[in-house]
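In what follows, a single structure is set out as structure tokens and then discussed.
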Amino acid sequence: MPQALPRLSQNQTGRAAVKKAASRSGLKHESVRIRQLEEFVITVKAAAHDLNNVLAILGGLSELLLEDDPPETLAKRIEQIASAAQRAAVLTRSLHILSNRQASTRSPAGLRE
């Protein structure tokens with residue numbers, strides 16, 4: 001004959017309910033955090049893309065201006081603009097690469113827990 005399970009006191013069942021609620025609350029908070037992080041990554045990608053478009057224009061215009069053989073003082077300034085645009089483009093590429101490497105922290109969750 002199977003043994004009967006021991007009866008839990010009301011205090012013990014209350015603790016179990018509190019632990020269960022705390023666990024659910026933690027999962028809900030984690031889920032909200034993951035959604036916020038995903039939204040942040042999408043924003044970073046969009047900003048990097050838009051910034052890269054502007055930098056491409058700056059770089060292209062700088063090259064066109066330098067082809068016109070401007071005076072030396074102006075050429076140096078244009079080269080500085082082109083150099084700054086290239087450095088910024090490297091940063092935007094890094095942001096884009098970083099946003100594509102986001103770690104997926106999703107995992108199956110039991111609905112009855």
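The values are calculated or read from the model by the stated rules, or taken from the named source; none is laboratory data. This structure is a prediction, so every number in the text was calculated from the model and none was measured. Please note: Cβ atoms are built from the backbone with ideal geometry, for glycine as well, and neighbour counts cover all protein chains shown.
General remarks:
- Just one of the listed residues (LYS20, LYS28) is modelled with pLDDT under 90, more than 25 Å from the chain's Cα centre (by Cα) and surrounded by 10 or more Cβ atoms within 10 Å (Cβ to Cβ), and it is LYS20.
- Number of positions in the range 63-73 that are surrounded by 13 or more Cβ atoms within 10 Å (Cβ to Cβ) and in a helix (DSSP H, G or I): 2
- ILE81 being β-branched (Val, Ile, Thr) and under 24 Å from the mean Cα position of the chain (by Cα): no
- Out of LEU74, LEU51, sole residue that is touching a residue at least 40 places away in the same chain (Cβ under 8 Å) and out of contact with any strand residue (DSSP E or B) (no Cβ under 7 Å at 6 or more places or on another chain): LEU51
- Residues satisfying the stated conditions in the range 45-62, i.e. surrounded by 15 or more Cβ atoms within 10 Å (Cβ to Cβ) and of a type in the set (A, V, I, L, M): ALA48, LEU51, LEU55, LEU58
- From the list ILE42, ILE81, the lone residue that is in contact with a Gly (Cβ under 9 Å, 6 or more places away or on another chain), assigned to a helix (DSSP H, G or I) and modelled with pLDDT of 80 or more is ILE81.
- Filtered by the rule that a residue be without any contact (Cβ under 8 Å) to a residue 40 or more places away in the chain, of a type in the set (A, V, I, L, M) and closer than 23 Å to SER94 by Cβ, the range 29-41 gives no residues.
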